[in-house]
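Computed from the coordinates by the stated procedures, all read-outs in this text should not be read as laboratory data. As the structure is a computational prediction, the values presented were derived from the model and not from experiment. Every residue, glycine among them, receives a Cβ derived from its backbone with ideal geometry; neighbour counts consider all protein chains shown.
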Amino acid sequence: MTALAAPPATAAAPAPPAGARRRRLSTRPPRTGLYVPLGLYLLFTLVPFYWMLMYALRPAGRSGVLPWPLTLEHFRTVWTGLGFGIFFRNSVLVGLVTLCFVTVLALMGGYALARFRFRGDRLFLVLLLCTQFMPGVTLLIPLFILFRQTHLINNLASLVIAESAFQLPLALVLMSSFVRNVPVELEEAAMVDGCSRLRAFFAVVLPQLRPGIVAVGSFAFIGSWNNFLFALMFISDQDRFTIPVGLSYTLGEYNVDFGALAAGGVVAAVPVVCVFAVIQRFLVQGLSAGAVKG
């Protein structure tokens, strides 16, 4: 028998010369077309905050682009003179309680919408989304009548109930999308090992929903923090005002105290900015996870 000849070895392709690699790299599109729009957008976003800081830190009667000499008089005026310390406490209380209510109810309702099938479940989701097209002003009269009959007018509980009802539909839709991204096989494996559905939810599903919980809770807190209409209509006692209503008191009938208004805006904006700086990683993860499928 004749031995089969080995196939000839193929020669390795020669490496492209360095000049060709440089030419190929130079054909990449320049990043100027990306940086210029982003820089303009950043400038458009930061300039209002700079002017707010400038008016808040600049003495009254001064003009110019730079806030010099610096003063904290406007902050002392709004915090002690206008009662922003009380307004800040009320806003934090309403925001945190609304966050807890919306997050817990969205977890329960979102899990039910994602894991169980019932007649009209798709229609129910569509109706939840349709509620977001309704402006909050359309709810003022029925909510006012309801709170008046239950003696909740001029009570912070009315703000919590109204904000929770307004934030909950969107939170349910988002949370159901987050739950669908958790494979149901993980729960089934836990239940095969002896876990009940409730224990499987807390042991398997809930840890996977941390980004979604942060996203839903953030939207609920910011929505209640910035809401002006409900606090204006349902609260009449100044000791129960929130920050948005307190800011309106810096607008006089014939003049506007720009320094106090800017200082109040800084007091209202800084806590929200700090919260987002801490949770931005979880917020981006939650939004991207919820957008995968729904």
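Exposure proxy for 100, 130: other Cβ atoms within 10 Å of each Cβ, ordered fewest to most, give 130, 100.
Given in Å, the Rg to one decimal and the Dmax to the nearest whole number for the Cα atoms of the stretch 62-148 are 22.2, 67.
Taking 0.36 nm per residue of sequence separation and removing the Cα-Cα distance, the residue 124/residue 34 pair yields an extension gain of 28.2 nm.
By other beta-carbon atoms within 10 Å, ranking 63, 248, 176, 91 with the fewest at the front produces 63, 248, 176, 91. Using the Cβ of residue 86 as centre and a radius below 10 Å, the other residues enclosed give a net charge of +1, where K and R count +1 and D and E count -1.
Is any residue of the stretch 251-281 close enough, with backbone N under 12 Å, to a label point placed 7 angstrom from the Cα of residue 73 along the Cα-Cβ axis, and if so, which? Residues 259-260 qualify, since their backbone N sits under 12 Å from the label point. Farthest toward the dipole's positive end in the stretch 109-197, which of 112, 146, 167, given Cβ charges of +1 (Lys, Arg) and -1 (Asp, Glu) about the Cα centre? Comparing the listed Cα positions along the dipole, 146 ranks first.
Exposure proxy ranking for 250, 98, based on other Cβ atoms within 10 angstrom of each Cβ and starting from the fewest, stands as 250, 98. Note that the stretch 232-240 has calculated 3J(HN,Hα) couplings of 6, 8, 9, 10, 10, 7, 5, 5, 10 Hz, one per residue in order, obtained from phi through the Karplus relation 6.51 cos²θ - 1.76 cosθ + 1.60 (θ = phi - 60°); glycine and proline are x. Highest average first, the peptides 255-264, 158-167, 110-119 ordered by how many other beta carbon atoms sit within 10 Å of their residues are 158-167, 255-264, 110-119. Here the dipole of the stretch 147-244 is about 120 debye; that uses its Cα centre as origin and unit charges on the Cβ of Lys and Arg (positive) and Asp and Glu (negative).
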